[in-house]
Amino acid sequence: MELMYTRKELIKQMFKIGIPVAAQNFVSVLVNMLDTIMIGSVGEAQLGAINQVNSLYLFFNMFVWGISMGTVVITARYWGQQKIDPIRDMIGLAMKINMLAGLLLSAVTLTVPQIVMRIFASDPEVIAYGIEYLRIMGWFYVLPAISTTFLSNLRAIHDVKISVVVYTTACLTNLVLNWVLIYGNLGAPRLEVAGAAIATAISKTVELTLVLVYMYKFEHRLNFRLHYIFAKTKQYIPSFIKFGIPVFFSEFIWGFGMTMQSAILGQYSKEFLAAYSLVLVILDLSTVAMCGFSNSSLILMGNMIGAGRDQEAKKWSRFFVLGGLGVGVFMATIVMIIRPFAPGFIVCSETTANYILSMLLVCAYIDVCYGMSWNLGAGVLRAGGDTNFVAKIDVGSVIIMKGIVASICGLWLKLDPLLVMAIVCSDEFLKAVIFMIKYLKGDWLRHGMTVHQEEPELN
């Protein structure tokens, strides 16, 4: 059988999809790191507050990302069949859900910011700064809900370069405005936390503006228009429930787990919280390559399966599995190289510096686990349609490790925060082992993505 991809072509397509995704995430995380350094130079309480607010945003973002990736699993197969109408309809379905979620989060953060912050922090100073941030950002949460939905699904049709342009422009806007508004440069008032919030809000506005201009003026393959958001999409709901909802739960529960992790660790000292804020950014920076790699495996294998090339998909799955492990080990090595220099990234006490050094050892361990669990779960198994299994393991591991075990150790027993952090992160190791066992059994490829009778089956 003639292959859809030779090894050379597969690697070319992998880089075509993966590098822009990785670059997009790299730029975003790099700017977040610079944000952290900027606000960290103002004070540890301010840094802790913004980190905890961002934990809430992560929870929301993973909801939006989960819905979007739930549709990508399906749209990648439709693209393999070159069917455009159902792709537009799936984007419209995701858009309705994500816009509603954005509006709901805005309502909560604007009406009860005090309650929200008390969930994530115990220090009164951290809570006060967090409320200040939320009163501004609360108005803008619907914006990334729209842009993320569009950009995620564009990847399914191999349109990835626009993501880099959009996120780079938005992140640089955020960075420049941070410099101006946090410190009061170029004649602007020194706003500190409020300045960081205003800068983020403006950057999200720029991000959405660029996405809408691109969708309406330059993306001619989909020819997406506003009415698709409000079109009837109930015929696609069975497929979305069967294949998309498990993906949503996987992504959402991961965001929920990270939010729970931040809430548990937020009960410790502001020194620990400041260290944790920096280490989270470094961890995010170290995972950008894995994110790009897993997106490549999901989309390329989804295209193969959608085109009826199951055996080819199984063949190349081994390439992606081994590649994921290699990427994880490589990024763990990078973390260990920068570890001795990391405390110098922010102005901090000796206690905070020691926390940073210890946490980065945990960070390197997590990177290796991510390299396997992300690429197997979010890539290979998900592309094969075995989304239910992935979701069950994702949910179970978060409930057990980040929910039950971490809550007992952190909130009840009050164990050392470094030990608690190591415990809450061990769910990734657990997932990596289980996903590998499932993959080696060889029964991970599933079919049956169908819609109404007017559309052919997604075999």
Filter region 249-277 for residues that are modelled with pLDDT of 75 or more and part of a loop (DSSP other than H, G, I, E, B); the one that is farthest from residue 350 (Cα to Cα) is 267
Just to be sure before I move on: is residue 11 free of Cβ contacts under 8 Å to residues at least 40 places away in the same chain and either among the polar types (S, T, N, Q) or in a helix (DSSP H, G or I) (or both) in the structure I sent?
yes
In this structure, does residue 179 turn out to be aromatic (Phe, Trp, Tyr), assigned to a helix (DSSP H, G or I), modelled with pLDDT of 90 or more and surrounded by fewer than 20 Cβ atoms within 10 Å (Cβ to Cβ)?
yes
Number of positions in region 393-422 that are closer than 13 Å to residue 435 by Cβ and without any contact (Cβ under 8 Å) to a residue 24 or more places away in the chain:
1
Expected output for region 88-108 (first residue basic (Lys, Arg), partner part of a helix (DSSP H, G or I), Cβ below 8 Å, 6+ apart or cross-chain) is 88/228; 96/229; 96/230
Hey, does region 14-27 have a residue that's at pLDDT 80 or above, crowded, with 21+ Cβ neighbours inside 10 Å, polar (S, T, N, Q) and closer than 25 Å to residue 288 by Cα?
no
Counting only helices (runs of 4 or more DSSP H) entirely within region 344-426, those with at least 3 residues that are among the polar types (S, T, N, Q) and within 18 Å of residue 252 (Cβ to Cβ) are 387-397
Going through 167, 129, 133, 78 one at a time, which residue ends up being assigned to a helix (DSSP H, G or I), touching a Gly at 6+ places or on another chain (Cβ under 7 Å) and either hydroxyl-bearing (Ser, Thr, Tyr) or more than 26 Å from residue 241 (Cβ to Cβ) (or both)?
78
Looking at region 315-333, which of the residues that are within 21 Å of the chain's Cα centre (by Cα) and not small (Gly, Ala, Ser) is surrounded by the most Cβ atoms within 10 Å (Cβ to Cβ)?
327
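The values are calculated or read from the model by the stated rules, or taken from the named source; none is laboratory data. Please read all numbers here as calculations on a predicted model, not as lab measurements. Methodologically, a virtual Cβ is constructed for each residue, glycine included, from the backbone with ideal geometry; neighbour enumeration extends over all protein chains shown.
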